[in-house]
Amino acid sequence: MAYSKSGALVLREIPPNRILTESDAPFAQGHDNAPSMPGNIQGSIDWIAKEKNLPTEKVCQLVVDNLGAIEAKIIAPDSVR
């Protein structure tokens with residue numbers, strides 16, 4: 001989905017503070033038509049960076065920050081808003 005034209009349109013609508021990555025979908029194919037595997041996450045990061053016009057380092061940091069925000073809500077749901 002991500003590498004398709006419709007995937008790019010969806011990604012453009014996702015706010016940066018909502019972006020996460022996932023690559024363990026062997027039933028799906030990446031841009032090289034190979035099964036998507038956990039080790040392929042850099043390809044996802046690169047694609048997001050290109051589509052969002054951001055440096056790859058910024059996308060990596062966004063993903064880490066967004067995951068941290070989710071973890072904080074799970075660990076202490078009443079104290080994090």
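The values are calculated or read from the model by the stated rules, or taken from the named source; none is laboratory data. Only a predicted model underlies this, so the values are computations on that prediction, with no experimental measurement involved. Cβ: placed from backbone, ideal geometry, glycine included. Neighbour counts: every protein chain shown.
Condition first: in a helix (DSSP H, G or I), modelled with pLDDT under 85, surrounded by 14 or more Cβ atoms within 10 Å (Cβ to Cβ) and among the polar types (S, T, N, Q). Can you find one or more residues in region 29-37 that meet it?
no
I'd like the residue in region 11-28 that is surrounded by 12 or more Cβ atoms within 10 Å (Cβ to Cβ) and assigned to a helix (DSSP H, G or I) and, out of all such residues, is modelled with the lowest pLDDT.
Once the filter is applied, the top-ranked residue is Leu11.
Taking Lys52, is it farther than 17 Å from Val10 by Cα, of a type in the set (D, E, K, R) and either modelled with pLDDT under 95 or surrounded by 12 or more Cβ atoms within 10 Å (Cβ to Cβ) (or both)?
Taking the combined requirement at face value, the residue does not satisfy it.
Across region 5-19, what is the total count of residues that are farther than 23 Å from Leu67 by Cβ and either touching a helix residue (DSSP H, G or I) at 6+ places or on another chain (Cβ under 8 Å) or not charged (D, E, K, R) (or both)?
Residues that pass the stated criteria total 2.
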